[in-house]
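To start, the structure itself, in structure tokens.
The values are calculated or read from the model by the stated rules, or taken from the named source; none is laboratory data. Predicted, not measured: the structure shown is a model, and the values here were computed from it. Reconstructed Cβ throughout: ideal geometry from the backbone, glycine too, with neighbour counts over all protein chains shown.
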């Protein structure tokens, strides 16, 4: 007899999946960020929403999230996976390139924002000690990585000037979280075991953990993924990706750092390997779901009753935080080379509070460093500012465009995109044919990116310095990670119809107007490829006959100009013929008849 099932144990996972199934399509149709939907769902279904009516109506318990602590533990992994994917998009070289913005712009933004906010809270007697003012200022000076980055990615503005400036500041803020939490632990009078000496030990411990992650990662990650990809098992590859994220985040957490920072370092290490794009695609679904849990957990912390008790105070504080931070960032942005529009957009993106402010304020209240009343109000203030980030992002984008248009053209600063983001050709399949295509592109100085599913070949070409990555081009997410929306063309050199069909379908799904050139075995294969939507199909048999014709005509003395012209003419005729052919019939018969015409025309040309 089957054991009884405790349905209530599965209540919250089922409720979250149902929430995601409703929120994502509805808000996508409304063209509004799903972030707002998850936040609203958390507020409605949380302990301060429907959860208030559980005692009067017990059945409501099935429609509410009643375990905020358990949800927050899972939600933390949303930020972990987000930082991991950000790390994958970076590299040590790009990180070095951004160091001025990260450690210059980012550090000054936090310092000035914390200083102004701390003074304001102390001057208006909202807090009564300098320590509390400092902690509150630092907490509110932080912004939301978990919301700003997805919003920028959704708007495809991560690689704009404002996007890179925002990312640089957010990265520095994430690095600063661990030292702030360390400091709160040292100042906690309820923990006498934490002293300045133990604080130094914790810092050394954190440094050793970072060295361990970086050192082991450089020597282990590439051989590890080579072994995994050799099995050609998608399940094992997924398990390996999850293992790397979990292990590195746990090492960082045990050492006292944030889990997200450990995952971020692992992502940077993987960005130097040929597996970066395949790993990114594999992680994306987990990141999306876990970020959804994170936003729901943030919404659950919204106590609307406290807001109703002092709406003017809370809204005034929220407005003050956004305005002070935005003005500070605009002033700093101008000093760091941003024009007015870019600085304004960055200010609106970073003006609201962030998820780590919730963590810092919570820890400070537990340590007795921030009064509970003002602390609870600031948690609500922070959450409210986070809710309006998507709206402020749209406002910032419009403001940036308006200010840019209003300036003379000669004052607009053109900033080149990163080297690996410029328009390029994507080659799907890097065997002998793909390598020849790559060599020709190199000769004409056209950048390209090649993808292949043979791990040995990818490893060998990477050692030779070729831009080859491991991954399957039939996945739209992978092509998106390769930048297909910015690619000049897609060349498919695979040799089976099923694999080519998968890549063409995925490419057309992501980018309807990209030029697709595909290799074909014969005329029938080429006709089928045209039916699938390729722009040019190159049948090997026809190309071989045309090359033979070219060789023979030139060898018997026909002028090369006439030969090349006639070959190009016949190639165009074959292309039009194959496009019009019905794949149900034999296109090779029509091609054979066309070849007879080629022969007659060649004789005429030779007679000339």
Item to check | Among residues of segment 519-537, those that are surrounded by fewer than 20 Cβ atoms within 10 Å (Cβ to Cβ), part of a loop (DSSP other than H, G, I, E, B) and in contact with a helix residue (DSSP H, G or I) (Cβ under 7 Å, 6 or more places away or on another chain), counted | outcome: 3
Checklist entry - Of all residues in segment 459-483, how many are assigned to a helix (DSSP H, G or I) and within 16 Å of residue 281 (Cβ to Cβ)? => result 6
Item to check | residue 562 being surrounded by 14 or more Cβ atoms within 10 Å (Cβ to Cβ), farther than 30 Å from residue 504 by Cα and at pLDDT 75 or above | outcome: yes
Next on the checklist: Being within 19 Å of residue 395 (Cα to Cα) and in contact (Cβ under 8 Å) with a residue 24 or more places away in the chain is the requirement here; does residue 329 meet it?
Outcome noted: yes
Next on the checklist: Among the residues of segment 454-466, are any under 21 Å from the mean Cα position of the chain (by Cα) and not assigned by TED's automatic domain parsing to the domain that holds residue 155?
Outcome noted: no
Checklist outcome for this item: Out of (1) surrounded by fewer than 23 Cβ atoms within 10 Å (Cβ to Cβ); (2) within 21 Å of residue 241 (Cβ to Cβ); (3) in contact (Cβ under 8 Å) with a residue 40 or more places away in the chain, the one residue 454 does not meet is (3)
Checklist outcome for this item: For residue 568, the lone unmet condition from (1) out of contact with any helix residue (DSSP H, G or I) (no Cβ under 8 Å at 6 or more places or on another chain); (2) at pLDDT 85 or above; (3) part of a helix (DSSP H, G or I) is (2)
Checklist outcome for this item: Checking 171, 181, 221 in turn, the sole residue that is more than 30 Å from residue 472 (Cα to Cα), crowded, with 17+ Cβ neighbours inside 10 Å and modelled with pLDDT of 75 or more turns out to be 171
Item to check | Matching residues, segment 22-47, being in a loop (DSSP other than H, G, I, E, B) and either buried (at least 21 other Cβ atoms within 10 Å of the Cβ) or not assigned by TED's automatic domain parsing to the domain that holds residue 390 (or both) | outcome: 33, 46
Checklist outcome for this item: For residue 515, the lone unmet condition from (1) outside the structural domain of residue 498 (by TED's automatic domain parsing); (2) out of contact with any helix residue (DSSP H, G or I) (no Cβ under 8 Å at 6 or more places or on another chain); (3) modelled with pLDDT of 70 or more is (1)
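Which residue out of 116, 148 is touching a residue at least 60 places away in the same chain (Cβ under 8 Å) and surrounded by fewer than 22 Cβ atoms within 10 Å (Cβ to Cβ)?
116
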Checklist entry - Of 111, 146, 139, which residue is out of contact with any helix residue (DSSP H, G or I) (no Cβ under 7 Å at 6 or more places or on another chain), part of a helix (DSSP H, G or I) and in the same structural domain as residue 89 (by TED's automatic domain parsing)? => result 111
Checklist entry - Got a number for residues in segment 484-499 being outside any loop (DSSP other than H, G, I, E, B), more than 16 Å from the chain's Cα centre (by Cα) and surrounded by fewer than 21 Cβ atoms within 10 Å (Cβ to Cβ)? => result 4
Checklist entry - Which residue, of 70, 51, 106, is in a helix (DSSP H, G or I) and modelled with pLDDT of 80 or more? => result 106
Item to check | Candidates 257, 208, 216, 203, filtered to the one that is over 20 Å from residue 452 (Cβ atoms), assigned by TED's automatic domain parsing to the domain that holds residue 146, out of contact with any strand residue (DSSP E or B) (no Cβ under 7 Å at 6 or more places or on another chain) and outside any helix (DSSP H, G or I) | outcome: 257
